[in-house]
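Peer 1: What follows is a single structure, and I will ask about it in a moment.
The values are calculated or read from the model by the stated rules, or taken from the named source; none is laboratory data. Small disclaimer: the values here were computed from a predicted structure and weren't measured. Heads up, the Cβs are rebuilt from the backbone with ideal geometry, glycines too, and the neighbour counts pull from every protein chain shown. With ligands, DNA and RNA removed, areas are computed over all heavy atoms of the protein, side chains included. Shrake-Rupley method; radii C 1.70, N 1.55, O 1.52, S 1.80 Å.
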Amino acid sequence: MTDDAADAEPRIVADTRCHTGEGPLYHPDEEVVYFVDIPSGDLYRYDPATETHERVLDTDGIVGGFTIQESGDLLLFRGAGRIQPWSREEGLGDPLVESIDGEAESRFNDVIADPRGRVFCGTMPTPEGDPGTLYRLDTDGSLSVAVAETALSNGLGFSPDRRHCYFTETEASRISRYRYDQATGELSDRETFLDASDVEGHPDGMTVDAEGRVWSAFWDGGRIARYDADGAERRRVEFPAKKVSAVTFGGPDYGTAYVTTALGPGEGPASTREEEGQGAGALFAVDLGVAGVPEFRSRVEV
């Protein structure tokens, strides 16, 4: 395992004690990081300039992930397939999608906007054991199935040339790489990018850095890890919290990585930091010696 980046030391920047902290995104208009606590539906906003954070939304319901719209508002992906806009000025708007057939006992988990403003949005398996689904939400608000029968949809990302899409299935301990058609949004020709079945933890949220390398967070693995184009691990950064859930880059130069963690476990009651490690449930920042790139914005009509 080799990497020429300097050693990194994660630091807590928002001590939120989230049950399931997830989905961090840097908002360049506001120069802040948004992230969620999934089961409580709490939306947090961390301001690096003042080193302060606040809870800006308590929905009294699930928020599995969100995108930043071209307008700067957020689009929230919630329980049972609900998709709902939110802005700091107006609060929650009317749902764009109220529910999805077959998802009444499920919820959205991780989502990403694509280069054309569509959104790939995955759902969890149901308590009865039905698999999840990766949907594609087109800019006109229509939904279609992108990948059926997924083993717990999770982190997504795009290659710098926009020809491939990475897709994580946590229960399969796998990151797949699909051929991605930017014109249509279709995914095809799946290949296994990373088989993590023989390492500690399970791949969760992910991002792609400015050099085209994949960074994956490892739930119950206490780390983020960097992989080259062939899926070989080149670096890992350890965290004191066991459940590392997602990673994104932010800041004016996208030079800081922001990492969410969880107290967990799963959907049950939260554990303690004695069980889950120092800082479990907090938002961390870490300087990795490599920059990221801005995430695409959704352009879904609401």
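Peer 1: Please enumerate the residues belonging to segment 133-168 that are assigned to a strand (DSSP E or B) and of a type in the set (Gly, Ala, Ser).
Peer 2: Ser144, Ala146, Ala148, Ser153, Gly155, Gly157
Peer 1: Taking the condition under 26 Å from Thr123 (Cα atoms), touching a residue at least 24 places away in the same chain (Cβ under 8 Å) and crowded, with 22+ Cβ neighbours inside 10 Å, does Ala225 pass? I'd like the intermediate steps shown before the answer.
Peer 2: Details: under 26 Å from Thr123 (Cα atoms): yes; touching a residue at least 24 places away in the same chain (Cβ under 8 Å): no; crowded, with 22+ Cβ neighbours inside 10 Å: yes.
So Ala225 fails the test.
Peer 1: Just checking, which of Glu200, Glu171 is assigned to a loop (DSSP other than H, G, I, E, B), in contact (Cβ under 8 Å) with a residue 24 or more places away in the chain and open to solvent by 70 Å² or more (accessible area, probe 1.4 Å)?
Peer 2: Just one listed residue meets the conditions, Glu171.
Peer 1: Out of the residues in segment 132-155 that are open to solvent by less than 10 Å² (accessible area, probe 1.4 Å) and either in contact with a Gly (Cβ under 8 Å, 6 or more places away or on another chain) or without any contact (Cβ under 8 Å) to a residue 24 or more places away in the chain (or both), which is nearest to Glu105 (Cα to Cα)?
Peer 2: Gly132
Peer 1: For segment 47-67: of the residues being open to solvent by 10 Å² or more (accessible area, probe 1.4 Å) and assigned to a strand (DSSP E or B), which is farthest from Asp138 (Cα to Cα)?
Peer 2: The residue in question is Thr52.
Peer 1: Turning to a different aspect of this structure: For Glu105, indicate whether it is assigned to a loop (DSSP other than H, G, I, E, B) and within 30 Å of Val147 (Cβ to Cβ).
Peer 2: yes
Peer 1: Another question about this same structure. From the list Gly281, Gly289, which residue is modelled with pLDDT of 95 or more, touching an Asp or Glu at 6+ places or on another chain (Cβ under 9 Å) and surrounded by fewer than 24 Cβ atoms within 10 Å (Cβ to Cβ)?
Peer 2: Gly289
Peer 1: Which residue, of Asp114, Asp110, Asp140, is charged (D, E, K, R) and farther than 28 Å from Gly292 by Cα?
Peer 2: Asp140 is the lone residue from the list that is charged (D, E, K, R) and farther than 28 Å from Gly292 by Cα.
Peer 1: For Gly264, all conditions in the list (1) crowded, with 22+ Cβ neighbours inside 10 Å; (2) at pLDDT 95 or above; (3) more than 29 Å from Gly117 (Cα to Cα) hold save one; what is the number of the exception?
Peer 2: (2) is the only condition that Gly264 fails.
Peer 1: Ok, one more. Take the residues in segment 205-220 that are open to solvent by 10 Å² or more (accessible area, probe 1.4 Å) and free of Cβ contacts under 8 Å to residues at least 60 places away in the same chain, then tell me which one is nearest to Ser298 (Cα to Cα). Can you show your working first?
Peer 2: Residues of segment 205-220 open to solvent by 10 Å² or more (accessible area, probe 1.4 Å): 206, 208, 210-213, 219-220.
Right, trim to free of Cβ contacts under 8 Å to residues at least 60 places away in the same chain and you get 206, 212, 219-220.
Values: Met206: 18, Gly212: 21, Trp219: 27, Asp220: 31 Å.
By that ranking, first place goes to Met206.
Peer 1: For Asp253, indicate whether it is open to solvent by 10 Å² or more (accessible area, probe 1.4 Å), in contact (Cβ under 8 Å) with a residue 24 or more places away in the chain and of a type in the set (Asp, Glu).
Peer 2: The answer is yes for Asp253.
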